[in-house]
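The values are calculated or read from the model by the stated rules, or taken from the named source; none is laboratory data. Note that the coordinates shown come from a computational prediction; the quantities given were computed from them, not determined experimentally. With ideal geometry, Cβ positions are generated from the backbone for all residues, glycine too; neighbour counts draw on all protein chains shown. Just so you know, the surface numbers come from the protein's heavy atoms only, side chains and all, with ligands and any DNA or RNA stripped out. Shrake-Rupley method; radii C 1.70, N 1.55, O 1.52, S 1.80 Å.
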Amino acid sequence: PLILVLNNIPFRGSIEGPDFVRRLVPSLLTTSGYVFASWVALVTPSPVAGWALILLVSAAFVATVLDQLSMVRGLRDTTTDYGFKMAVVVTKDIIFGLYGLVYCLGIFNCVSVHMEQIFFTYGDVMLKVSQVSALVILRNWQELVVVQQTLQGQISRSKEDTVRLIRKANALMLSMECDGSITGWNEHLASVSNMPEEFVVGKYLQDLVAVDCRLAVLNALQQCRSGLSTGSIELTLPFSGYQGEDEVLHVPILASFIMQLGQDSSSIIVVAQDLTEHVAQKALEERQGRFESIVSHELRSPLHGILGLSAAMAESTADRQQKKQLSMIQGCADRLLDLVNNMMENSAQFKRDMQKRRGEISAIPQHPVNILQIIREVMSMTSGAVDKAGKPLLKPNVKLINNVRHKSLPVVRGDPSKLTQMLYNLLTNSCKFTAKGTISIDASHDAERGFVELHVIDTGPGIAPAAMKRIFEPFEQEDGKDTRTFQGVGLGLSVAQGIAKLHGGIILATSVPGEGTTFTARIKCLNEPATCDRAFATPTEEELISDAGRASDHNEAVPFHCDDAQLERQLTELTARIDDVRVHKERAWEERGNKPLILCVDSDSINQQVVAQNLVSCARVHRCMTAAEALELLERGPERPKVILLDLMSHSLAALQLCLDIRQRLKLAHLALPVIAFGSKSMREELSMQAFWAGATDILLKPFSGNALRIRVNTALELQQELAGAVDAATPSIPQTPVTSLPPMQRHGVHSTMDSISHVFSAEVMPTIDDFDAAERGWREESAMLANCRAELEEAWSA
């Protein structure tokens, strides 16, 4: 009876509690009855009673077996483990039948009592072990069945959810078989493509996409079937109207293929994103970039013209009132040019922020930058800057101090022009708000974090704590009653912050109202031992400067490190000498008998007028509006120009092609025909490098002064004259001796003729070449002396 109960426990989950008890009671009673009757049959003295009990036991056993089989059979349609339960019940019935057989054999003395006891002992152990094992296996089987049913239910619900998601999702989604035949097409995709689901179901995706995208779809399907990740691919769906319209829709999408494994078969789900707005935004950004480039050029060109013409007019007039008015015009043009530069940089910063939000990485400039040189240049620029009233931006009671002059700073990787603009914006901002005291620049090196910190410290009115959070926002200024008295639109600090972030750093501000403000610009630097003073100084330059410092008119050393009075005298002497050189050269340029021809290639007539106005005293300027016109003049013109002035910014491709044609097609070297290209501070460095590789001799950045243009043009002309003079001097006048007057050996002997030529060359040509080398060394020493004088003047001016 105990084994019967254990054997029926697995049926408890398939039959409810009360029904299970009622179903088990008859079998339990018959089993208990025939077990007891089998014992009574052995102990009763009456053989008739014994055989009657044995028959009763057999009938009860058969009835119990049939009842158990009937119970299991009734569960065939309600349980998934029917076969296993039936096997357990049948096994139990067979073992119990064997028990009855051995029992009967023992009655007829066919089996000894000892063997009967052994059989019952081992059989009982095997029966219990097998029943317990069966129960454990059946329990695990039931748990597996429950898990399988749960998974099947989830899969079924997942399929339903997937179908519902595909149909109702806002994303573009479709389902298809592994061969690409479409089985589902959601409503959003139907609205975008103008094609309903019933029209595309059954068709192949590779037949619907554009021709150039079909190979990508086939590769993605193959990767899905192979279990590989496809990533995202761009597709174009050129759908025509399904009702016969002539309109063709080109829908760019970004599709991801996802393999969906099913119980019977697998399918592929495609989740796509409509790139129409993205492509339109990208095209808009490209148009905006071209527009900004055009606007930048169109704004800068008139400003360069105003600066150039006003400077030329100021040089040519002696009226002090006119000079003052022209100076005011130049100040206004400078401020407008500074505003244009800040606006263009602010626009570029906005585009970088948009790229960062989209996950795109902006490239950090990687050019070595001499921070010390930039600080010197910016301080010089700030000292000469003027405000909107034409007055110096640096107030008379404010002293500009450079505390970085003798410091050793590491080399910084970045864009020199942008870093100059950043520091200039910080300095001019301090100059605007500082009425008295000092504005100092200091620097430090944070080696642990790899930063160079530039500190701009002023003694101005300070910034209110409430305004500190927004001073770096574009078009923001500190509120206050005196705010409107200061010039600017609030872009300087914002642009400076953007430049610092572009270089992997940041600008921090600390301020104490009434005491002053400190701006700290952190810029990433190289993790190298090289410093600016070593990395940007070559041994040749050091030697030349040293030689120039030791050279003077009386071969005496010029002591540059002395007291203030001696330094002032030396500076006065050096300035006078440089002025003498300048006056002498300018007089020589103006007194040329035959003024050289200069070719100016620029599509802007104002820029050409600026060039002509600045060169009118020393050259003749021929103007060409296009590069093709200039090339035709070079090939067929009656007179070849001595120097070409070429604008790079208006039509850069045509300008680069003209440089290539001059060097490669016309075979004209740099000294034969120098090409001075005009650029701007906002010009990409790639364009300047391309210009040099194409054949430009020098690049002059706008806005330039008339003196800078004249010096470059006349220097190129002087080099041409020196080269021509050296060639003439190196060409000996060999007497034209008739061949017949030579001795027979010299007439017919090649070696003797070559010996004669070699003798003449050694005697006449080599000394001239040596003189030319000596003149070149003298010129280099003079250039080094001038460079040294300029550096000392700048340092003295800064001090």
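For segment 90-162 and segment 307-332, what is the separation of their Cα centres, given in Å?
Measuring centre to centre over Cα atoms gives 114 Å.
Kindly report the accessible area of segment 623-675 per residue (heavy atoms of protein chains, probe 1.4 Å, no ligands, DNA or RNA), in Å².
Roughly 52 Å² per residue, with all protein chains present.
Quick one: which residues, 5 or more positions from G516 or on another chain, have an amide H under 5 Å from its amide H? H modelled 1.01 Å from N in the peptide plane, none for Pro or chain starts.
Amide H to amide H, under 5 Å and 5 or more residues apart or across chains, G516 pairs with G462.
For segment 565-720, take the convex hull of the Cα atoms, compute a quarter of its surface area, and give me that in nm², please.
Result: a mean projected hull area of 10.6 nm².
Expressed in nm to one decimal, what extension gain is obtained for the pair A171 and I578 from 0.36 nm per residue of sequence separation less their Cα-Cα distance?
139.1 nm
Taking a cut-off of 22 Å, what percent of all Cα-Cα pairs in segment 84-165 are separated by more than that?
Percent of Cα pairs beyond 22 Å in segment 84-165: 52.
Rounded to the nearest 10 Å², what accessible area does H250 have for a 1.4 Å probe in the complete protein model?
About 120 Å², ignoring ligands and nucleic acids.
Less than 20 Å apart at the alpha-carbon level, and either on another chain or at least 8 residues along: which lysines does that give for K128?
By straight Cα distance, K128 reaches K85, K92.
Per residue of segment 103-119, what does 6.51 cos²θ - 1.76 cosθ + 1.60 with θ = phi - 60° give for ³J(HN,Hα)? Whole Hz please, x for Gly and Pro, Karplus curve as stated.
For segment 103-119, the Karplus curve yields 4, 5, 5, x, 5, 8, 6, 7, 10, 5, 5, 5, 5, 5, 5, 4, 4 Hz.
Straight-line reach from K407: which lysines have Cα under 22 Å away, leaving out those fewer than 8 places along the same chain?
K399, K524
With every protein chain left in place, what is the accessible area of H622 in Å² (1.4 Å probe, nearest 10)?
70
Measure out, as a whole number of angstrom, how far apart the alpha-carbon centroids of segment 267-283 and segment 397-467 sit.
Segment 267-283 and segment 397-467 have Cα centres separated by 47 Å.
Please calculate how many Å² of accessible area segment 68-224 carries per residue, with a 1.4 Å probe and no DNA, RNA or ligand atoms counted.
Here the residues of segment 68-224 average 58 Å² of exposed surface.
Using a Förster distance of 25 Å, how high is the FRET efficiency between I606 and D698, based on the Cβ-Cβ distance and rounded to 0.05?
That gives a FRET efficiency of 0.65.
Taking the highest mean first, how do the peptides 657-663, 108-114, 669-675 order by number of other beta carbon atoms within 10 angstrom per residue?
657-663, 669-675, 108-114
At 1.4 Å probe radius, can you tell me the per residue accessible area of segment 385-473 in Å²?
Counting only protein heavy atoms, the per-residue value for segment 385-473 is 46 Å².
List, in the order given, every pair from K324/K702; K168/K351; K351/K667; K395/K585; K282/K501 whose Cα-Cα distance in the structure shown is over 32 Å.
Pairs exceeding the cut-off: K168/K351; K351/K667; K395/K585.
Using 0.36 nm times the number of residues separating K667 and F350, minus their current alpha carbon distance, what extension gain do you get?
Value of the extension gain: 109.6 nm.
Given a 1.4 Å probe and the protein chains all in place, what does the accessible area of Y122 round to, in Å² to the nearest 10?
That residue has around 150 Å² of solvent-accessible surface.
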